[in-house]
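What follows is one structure encoded as structure tokens, with my remarks underneath.
The values are calculated or read from the model by the stated rules, or taken from the named source; none is laboratory data. The structure displayed is predicted, hence computed values, not measured ones. Ideal geometry is used to build each Cβ from the backbone, glycine not excepted, and the neighbour counts take in all protein chains shown.
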Amino acid sequence: MVLRLEKDLPLLLFGLVCTSTVASLPQVQSAWAGIKEVYGEQEMGLRLLREAMLALLVCYAWAEPRLRNGIFSGPIPAFLSLIAAYVLCEIGYAVYLDLPLIVPMTGLRIFEYLPLALIGFVCGRRGVADWVIGRFAHCLRYYLLLQAGLALAQALWAPPLFGVSMLGGGRPFGTFVSPNLFGAAMATCALVFAVVPGMRRWLGLSVLLALLSGSRTAFLSGLLVVFFRVYAALRPRDRWALWMPAPMLAVGALILASSPLLSGRDDADPTEDGRIALWQRVFANHVHDAADLLFGWGLGLSSNTVNLLFGAEHFPGQFDSDSLYLFLLNGYGLIGLLAYLGLLWATTRTSAHPGKGLVAAFIFVAGLTFNLWEYFPQNAVLMFLWGAMLGHSRHPVALAQPNGQPQPARFYG
């Protein structure tokens, strides 16, 4: 079998994303019937499809010589060794606290799709990332059409299980277990379309679906994509006029996103829905000394999986984090949190890709009130995009396009 990275990889990525249409099928059917079922108590076989697709991608990366050689050369092995050493220390500390091994293992979920980031990094270094992203985006249109059709029907006729949509029905959830996950996926689709030329209509549709979901994080992420696209379209001498009102626009967007009109919920105010109060209790009750702050107080105690398996507040220090940054602070401490933010910053400083700022800003914003690395398929797509941005160099290794012509490095936007 002849492996053709430029043609195979976009299809594999698209296949991985498409498994989200069946991974939560039982819960979607229940939601259509007006029954809200507990996440994680459904058919595991369907959700295992995504792990099977991920395994297929890992096998493909091992079989494809350019990917295999790229992953096991350069700085990647040293980087992975450094992460592994620190994570092992955190696992050891969690075991020392007499936590069951499954608890710290759930804290590793943020690394589940790290292989996609490595594949994206190698593609960026080899100069084929833009080609792969472009082909993937064209495939993603069919996925978006399916989600749009379901979302429109749900917004009109579905039971208001998660709140009332702007169209009078329930908040749409597509093929996901909740509108928040649906909105996160649609905002991520908008990001993909934003870095591919000629996809403005699909970008607009993705942003509208993110807005229709009623998810505050998805709404803000979608507006962020639109802001960067408008910024890129302006002449350099005119861009200052967009940055000046940016703080006021951000505050206005936050107020609008928190209104019941868009969110469809009565508890839309983030100061009244318990999230901020929860974060205050976390710091008051669990951060007792410098060691807790620097290294965390128990890897995995803020994972949704632990709450499902053992119940809420079963272990001392356990809580529902929501925010990625609280998740990192709990499991990996201030050291891990700063390392994560430092890697985002390094992406904007070392990458030569003009889309690096948009991708880094999107990942940063999406993690403020949502643990994006725990939820599929947003985590898979963003991991690949992040790796591709980080690996994009000024002098990529020239490869051949499928038509035999040299593949130039270029920005899709």
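For this structure, a couple of remarks:
- Options ALA78, ALA61, ALA55: the member that is within 22 Å of LEU337 (Cα to Cα) and either assigned to a helix (DSSP H, G or I) or among the aliphatic types (A, V, I, L, M) (or both): ALA78
- Checked against (1) at pLDDT 90 or above; (2) closer than 21 Å to ALA210 by Cβ; (3) of a type in the set (Ser, Thr, Tyr), THR347 meets all criteria but (2).
- Residue within segment 181-188 that is over 15 Å from the mean Cα position of the chain (by Cα) and crowded, with 20+ Cβ neighbours inside 10 Å present: no
- Residue match in segment 223-231 (condition: out of contact with any strand residue (DSSP E or B) (no Cβ under 7 Å at 6 or more places or on another chain), β-branched (Val, Ile, Thr), more than 18 Å from LEU368 (Cα to Cα) and part of a helix (DSSP H, G or I)): yes
- Filter result for the condition that a residue is over 20 Å from TYR96 (Cβ atoms), modelled with pLDDT under 85 and buried (at least 19 other Cβ atoms within 10 Å of the Cβ), over GLY264, GLY274: GLY264
- Flag if PHE384 is out of contact with any Phe, Trp or Tyr (no Cβ under 6 Å at 6 or more places or on another chain) and part of a loop (DSSP other than H, G, I, E, B): no
- Selection of segment 323-334 for residues being crowded, with 17+ Cβ neighbours inside 10 Å and either assigned to a helix (DSSP H, G or I) or free of Cβ contacts under 8 Å to residues at least 40 places away in the same chain (or both) yields LEU324, TYR325, LEU326, PHE327, LEU328, LEU329, ASN330, GLY331, TYR332, GLY333.
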